[in-house]
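The structure appears below as structure tokens.
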Amino acid sequence: MTVCEYKPGLEGIPAAQSSISYVDGKQGILEYRGIRIEDLAEKSTFLETSYLLIWGELPTKAELEAFESEIRYHRRIKYRIRDMMKCFPETGHPMDALQASAAALGLFYSRRALDNPAYIRQAVVRLLAKIPTMVAAFQLMRKGNDPVRPRDDLDYAGNFLYMLNEREPDPLAARIFDVCLTLHAEHTMNASTFSARVTASTLTDPYAVVASAVGTLAGPLHGGANEEVITMLEEIGSVENVRPWLDNLPPKSKIMGFGHRVYKVKDPRATILQSLAEQLFEKFGHDKYYDIAVELEKAVEEKLGPKGIYPNVDFYSGLVYRKMAIPTDLFTPVFAIARVAGWLAHWKEQLGENRIFRPTQMYTGDRGAAYIPIDQR
Ligand code: CMC
């Protein structure tokens, strides 16, 4: 075995061979199974894209209808899960609630028939169907309300917005939300996907795989950044304050929603999300934080563009979600709803070629040290 150089954060080290998605960070290209993200955003739906990611090809009309109808059927959650969630503190972060609830699904569907295609399909369907219901249920229950039952006559995105806001969403808002889910569905070997694959490689159940990925997504350097972006825009407060705010940042500060390990240009998803935000503002009214965001993008590009620091997917997504009345601390759970598709695709791919992840380390500690009795320390 060749001895490799240590790379913090495993930068540039392939962790798997994968045919699920592709990123060209210099040209700003993202493809799912070879199809450009711009095409999928315009022409596909989240569930069709999920099918593509998980099963490797676009479904026929009949396959898609069957998939959608199975997911519709499994949207409800058991009353025991609802009762468990009712006991969660309302001050807890919804990502923690989601991680615990996703793990709890394993208590109900714990059989690990990983070599049975029917089991794999059922797990895929259950997770895609129930995660949005759990996110919406926690939101209503922490306000002291009963959760709303899913509506079979609404599509995936429309039903989620309905369960969250207790009213049928505007069709444009529902379509734009569906596009947001498509944009967030998959993104090569990011931290949460790596986490999902490591967990999958032990042959544990898929609910544990998703729960571990949700925990990883929650951090501010990963999915949690979308929430931090809105907090930052609120702190800046006005377009006039953008440049003074930026100039007064302590050296080496990370500006939320900017930078990426792979993209050295503007993330193509940020470009699409920005145009979705503009479409929403045209119909539902402007948001002053958008002007602050645009000015910040300009100022950061002037300052950090030469270092390859540009907006990432998390920069404009929060502005879209705000217009849909989605609370700020639900932005990352919404990211998770979408990314479940990618995690499941990687789970399935990992099972197909599985070898448990067991990397090595470079030991930097002492060897052969003497044990000092407690009264002599
Ligand atoms: N603001 C200012 N400088 C930055 C930023 C930023 N957001 N991101 C990177 N840099 C600088 C960094 O200071 C470093 O400079 P130097 O070489 O002078 O020390 C250089 O760029 C490389 O940064 P790094 O931290 O080594 O890069 P990384 O690949 O380890 O981290 C990242 C990538 C996304 C964690 C980082 O860019 C970051 O913390 N961004 C802010 C948080 C964020 O928006 N996260 C969302 C990521 S995309 C979607 C997702 O994964 O959910």
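A few notes on this one:
- From E5, E48, residue being within 22 Å of the chain's Cα centre (by Cα) and within 30 Å of V265 (Cα to Cα): E48
- Enumeration of residues in segment 249-282 that are β-branched (V, I, T) and within 10 Å of the ligand (Cβ to nearest atom): I255, V262
- Residues (away from the ligand (no atom under 12 Å from the Cβ) and hydroxyl-bearing (S, T, Y)) located in segment 196-234: T199, S201, T202, T204, Y207, S212, T231
Throughout, read-outs are computed from the coordinates displayed, never taken from laboratory work. Being a predicted model, the structure only gives us computed values, none of them experimental. We place every Cβ from the backbone using ideal geometry, glycine too, and count neighbours over all the protein chains shown.
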